[in-house]
1. Hey, what's the Cα Rg ratio for the chain versus the globular rule of thumb, 2.2 N^0.38 Å?
2. Against the longest principal axis of the chain, how steep is helix 446-467, in degrees 0 to 90 to the nearest 10, with axes from Cα atoms?
3. Cross-link partners among aspartates and glutamates for Lys376, C-alpha distance below 17 Å, same-chain residues fewer than 8 apart left out?
4. Taking the number of other C-beta atoms within 10 Å as the exposure measure, put Ile31, Ile227 in order starting with the fewest.
5. List, in order, the whole-Hz ³J(HN,Hα) value for each residue of segment 63-69 obtained from phi through the Karplus relation with A = 6.51, B = -1.76, C = 1.60 and θ = phi - 60°; use x for Gly and Pro.
6. For segment 249-467, rounded, prolate or oblate, judged on the Cα gyration tensor with a ≥ b ≥ c (square roots of eigenvalues), a/c < 1.5 rounded, else prolate if a/b > b/c?
7. Check Arg386: other-chain or 5+ apart residues with amide H under 5 Å from its amide H, H built from backbone geometry?
8. Residue by residue through segment 387-399, which ³J(HN,Hα) values in whole Hz follow from phi under the Karplus form 6.51 cos²θ - 1.76 cosθ + 1.60 (θ = phi - 60°), with glycine and proline marked x?
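Every read-out reported here was derived from the displayed coordinates using simple, explicitly stated rules and does not represent laboratory data. Remember, predicted model here, so these are calculated numbers, not experimental data. For neighbour counting, all protein chains shown are included, and Cβ atoms are generated from backbone atoms with ideal geometry for every residue, glycine included.
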Amino acid sequence: MFYLWRRSQVPVKQPIKISRIDNLIIFLVCILISIISSYKLLLISPLKIAEIFSWLLTFTEILISCGVLILVSKKENPIISSRQIFLIITLLLAVQVTKLALASTISPLSMIIPPALIISQGMGSITALAWVSIASLIWPDPDIFINNNLFFILLVCASIVSLLGGRIRSRAQLLQLSIFVPIGSFLSQWILIYKDKISLNKQDFALSNGDIFSDSFLLAIAMLFTILFIPIFESIFGLLTKARLLELADKEKPLIRRLSLEAPGTFEHTLLICGLAEEATRMIGGDIDLIKTGALYHDVGKLHAPNWFIENQDGSKNPHDELDDPIKSAEVLQAHVDEGLKFARKNRLPRLIANFIPEHQGTLKMGYFFQKAKEKNLDINEYYFRYKGPIPQSKETAILMLADGCEAALRAMNINASDKEALETISNIIYSRKKDGQLDDSNLSKGEIFLIKRAFLNVWKRIRHRRIQYPTSKNNTFS
Ligand SMILES: [Fe+2]
Ligand SMILES: [Fe+2]
């Protein structure tokens, strides 16, 4: 638990502000949950002061629990949106409403475990565990008796799903979970409840017929349906699950395929940046899957005019020379950010991935065209030659900006250059970005910048190693 918590807190991210209206809606849903979970205490007649006090206590307890749940989710995911908090709370409300309607016929296993899977996938294990604790805490109803052993099994299964759900990286693993958890619950129910024939009576099971097999079967069906609907939750609530990230990182995705065919130079540049950014993120303990996918899409905007970018030119003619207007050239460069964001919207890329598109350029100066413009007019305003930003708002987007800056310089370096020379080149580029204020909002510490430099150097050493040709035998045969 402690390890998971620490992993979720690094790198430090800027929390997202939630509007007053959203806060109010979330608060009202919490009130509704508290009322639904406690109103039965007021139905006892004759109503005495003690009962009202007990209701007030339960109501407050549930309201505070909802607050704690929101706090934990915000702590684990500083960039959580109001929609996602709304999802967590609505799932809690749905469980309470279903309990009221179906508690005597449906198992708590099928009600609590599937939402735990959605939350752990989208918001992390700690939030899912907090959700499970609170959903279980407010599950017991004065009208329905539930076996303690069943409750114990529920907690164990839901905790397993919460812990594993946050780490699962593919849909296949999700399917395995949805098969093995119901099997586990069936076996444990059989051992802990069914075999205990003395205490066996129909009410010991949440299902009216007390059939533990159909109970576990229902759980399996509920989990399978949840897996089926997770992509819909992803798009409605903007959840970014590991499986979704890995799917987006597939190089066979149409947008990436287009990049490799229409802008091969940009595609090569992207692949090298992925390597640099991944290594640096690993060094500082950031989200590797996020940066790999973000890096893959950072320059998709160049698809609007591939041959206007140096990496896609074959050296014959440069359209910027024909245009001979530095301001217009700067507009073409800015367009790769604007068009990239349009591509992101059209392809429904999650916001966290789309953020890499403007933030990797920040408000950097297009030095080459600025100098050209200055040759023509000394008083030209620098404003026209700066990207519109924003500057990197997270450590991941800042790393991508640094990798983007270092990539060309490292690729162009002499094969015989020493490690010291490579490190100097990297340091100069990073220093210029830092001095320009591009890293101000990223929270990168001095120590982390040092680690990023080492990571870039390691990748460069790997590239250099690949480029050194091995001696081959005369007849080119290998054993
Ligand atoms: Fe770019
Ligand atoms: Fe780039």
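1. Numbers: Rg = 28.2 Å, N = 479, 2.2 N^0.38 = 23.0 Å.
Cα-based Rg divided by the globular estimate yields 1.23.
2. 60
3. Cα-Cα hits under 17 Å: Asp321, Glu322, Asp324, Asp325.
4. Working: Ile31 13, Ile227 18.
Ranking Ile31, Ile227 by Cβ neighbours within 10 Å, fewest first, gives Ile31, Ile227.
5. 3J(HN,Hα) across segment 63-69, in whole Hz: 4, 5, 4, 4, x, 4, 4.
6. Values: a/c = 1.33, a/b = 1.18, b/c = 1.13.
Here segment 249-467 falls in the rounded category.
7. Here the answer is Met366, since their amide H atoms fall under 5 Å of that of Arg386.
8. Per-residue couplings from phi come out as 5, 7, x, x, 5, x, 9, 9, 5, 5, 5, 5, 4 Hz.
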